[in-house]
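Below you'll find the structure, written out as structure tokens, and then a few comments.
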Amino acid sequence: MNDTAKPAVDYRARYEQLLNDFSALETTEQRQQHLLRALLGRVLFAIDKAYPALAGQAQALRDLMRQTGEAPLPLAKLQPRIEALTEAVRLEEARDLTPSPAEQAAAEDPDARAEQAAVREFLPLLLERIAFTDDMEGRRAKLLAMLENPRDTTLNSVLIDRAACLINDMRRSIEKEKTELAEFLQQLTAALSEIDQHTQTNLGDIQTQRAAQDALGKAVTEQVHHIDRTVADATDLAELKKVVRDRIMRISEHIDRFRQTEETRLGQVEQENEAMRERIHKLEENRAVLQEQLIASTQRMLRDTLTGLPNRLAFDERLALEVARMRRENTPLCLAIWDIDHFKRVNDTYGHPAGDKALVVVGKTLHHLIRDVDMAARYGGEEFVMLLPRATLQQAFVVLERIREKIADTPFRFKDQPLKITLSCGVAEFDRNEASETVMARADEALYRAKGGGRNRTEMAMR
């Protein structure tokens, strides 16, 4: 047989690539678990305030979360309780959506108005700091518009319920990704088991083939030796011819049996190899899909959907890396905090779409004006943060002032109406052993001074 040699499959390289992909997925899943814990904690806190009657159910969820420690949340156990709590909230709302005279009187109470304002101030901050998927971004934008509309009369409990439903849907999306990963891991485990079994089978086939070759060689050698002895002892030519023909026929029979056995064995091996190739091909297709999902999930987790800038999670990761590099290489590092001036006035006057457009313009401008080594991110709401590696405080001040002036001079219009967009900034330089939280606080204090000093300015935090 003249089979065309097929290239060997490097299973080790593929396996190591898969392990790297799974490691990245595990990191993403850990981030999602951390975010989910924070979200559930804040939502349960809001439910405690809005629905005192449901405090017991909320506390039971907290207790279950605490029992897991640092382990992944038991979503299978949490889901029924979360759904039950969500239904309980809806039942509370269904009792009476029209405020009673007592409730109307309470709504006019200064404390009640303060609570209403607190909820409308807290929920946007929460929603701005969550990396929602693209299909949920529209729902978040509508909810933010309601929260920031001073004429909106929606009850706090309804707003909290909608926020909770949005967060719960995001949790379901995360759970779906986790389930898909688990299914792929099961497929991978089965495929690796098949590969191992196939390898063991091939090793057995090789041993069988060697034994058959040895038996064939031994049989041929024995028949040839017999012919040699017969020729040496022969006295009758006719008898010699008969013996030689008989031995040659026996040799041919041994060779035919060996060839037939080999053809059968090679056919079975080829079938097994073809099945294995199909299995690996399907595994490769699944891996490619999973890799695309991983990339998309990572982008959602680390990017602000509105501005396209890195989000708070991405900034925190980069901050840790830059602080470690600063201490290792003994180079300067500065941190700046930006805030859009009178942003609430823009939203109240022109609406949430105008505020979104202002955020997009500011985000693009920051991205285009920073150095290649710098990083700008949206920290939440109208706040942006920036890292300036290898820049002293004075050098960073020059860069930030140039950016501030550029944004102030950028024409901005919304529905043919000119708007003036300016930013205030506070910047601080790291001491070698200074904690990131301390530097953040110093930069925030400098930002506060910039706001108090008339806005549209940059203030440096002196040591």
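Things to note:
- Cross-link pairs K142/K451; K357/K406; K415/K451 - those with Cα-Cα distance over 22 Å: K142/K451; K415/K451
- Distance from region 353-422 to region 145-164 (C-alpha centre basis), Å: 30 Å
- Highest mean first, the peptides 418-428, 276-286 sorted by other C-beta atoms within 10 Å per residue fall in the order 418-428, 276-286.
- Label-reachable residues, region 428-449, where backbone N falls under 19 Å from a point 7 Å from N330's Cα toward its Cβ: 430-434
- Leading residue at positive end of dipole, region 312-461 (Cβ point charges), from A443, T331, A376: A376
- Stokes-Einstein D in µm²/s, Kirkwood radius over Cα pairs - region 312-461 at 10 °C with 1.306 mPa s viscosity: 102 µm²/s
Rule-based calculations on the coordinates, nothing more; no lab input. This one's a predicted model, so the numbers in the text were calculated from it and none came from an experiment. Cβ coordinates were reconstructed from backbone atoms using ideal geometry, including for glycine residues, and neighbour counts include every protein chain displayed.
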